[in-house]
């Protein structure tokens, strides 16, 4: 198990605000994640320019969870196919 | 293609705030997505009780994108395995 001392601090900027993300991921991974969130927020802001930042962030999370659930379905199907071929 | 008339409006509650989600997904799917976001926000709030709602929502999105990217990697690996078996 990795200890506290293995945790990295990565400072990222999302929608004009700085966040310090603490975790075991590489800074490269954290920055890629932050970039994706930042882009998604800007994209949703273009479609709904009157949303305040909190609602915009919540709707960004909703958007990503939607894609996450769909991807999870795909994983299930791929795993089922895998099992069939292994029979 | 589905037209405008096929779009559903689903009202959901996330972190004490109501949102009207418009889209072609079933209300059941939209509610499941909203529930997941709501739970994640409450979970992150417990770990960071002093964050304001905007930062909490942004960090929730960061958290979900992190899981999304990891799941995407898994899909890639499963698809590679699939291709090998089809050779």
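The values are calculated or read from the model by the stated rules, or taken from the named source; none is laboratory data. Computed from a prediction, not measured in an experiment: that's the story for all the values here. Glycine also receives a Cβ, built like all others from the backbone with ideal geometry; neighbour counts cover every protein chain displayed.
Points to keep in mind about this one:
Yes or no, residue by residue, for (1) in a helix (DSSP H, G or I); (2) at pLDDT 90 or above; (3) within 23 Å of residue B:38 (Cα to Cα):
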position: A:9; (1), (2), (3): no, yes, no
position: A:39; (1), (2), (3): yes, yes, yes
position: A:42; (1), (2), (3): yes, yes, yes
position: A:45; (1), (2), (3): yes, yes, yes
position: A:60; (1), (2), (3): yes, yes, yes
position: A:69; (1), (2), (3): yes, yes, yes
position: A:75; (1), (2), (3): yes, yes, no
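- Lone qualifier among B:68, B:15 - being touching a residue at least 40 places away in the same chain (Cβ under 8 Å), in contact with a helix residue (DSSP H, G or I) (Cβ under 6 Å, 6 or more places away or on another chain) and either on the phi < 0 side of the Ramachandran plot or surrounded by 11 or more Cβ atoms within 10 Å (Cβ to Cβ) (or both): B:15
- Only a single criterion out of (1) part of a helix (DSSP H, G or I); (2) over 19 Å from residue B:63 (Cβ atoms); (3) at pLDDT 95 or above is not satisfied by residue B:13, namely (1).
- Picking from residues in region B:24-44 that are surrounded by 15 or more Cβ atoms within 10 Å (Cβ to Cβ) and out of contact with any helix residue (DSSP H, G or I) (no Cβ under 6 Å at 6 or more places or on another chain), the one that is nearest to residue A:54 (Cα to Cα) is B:38.
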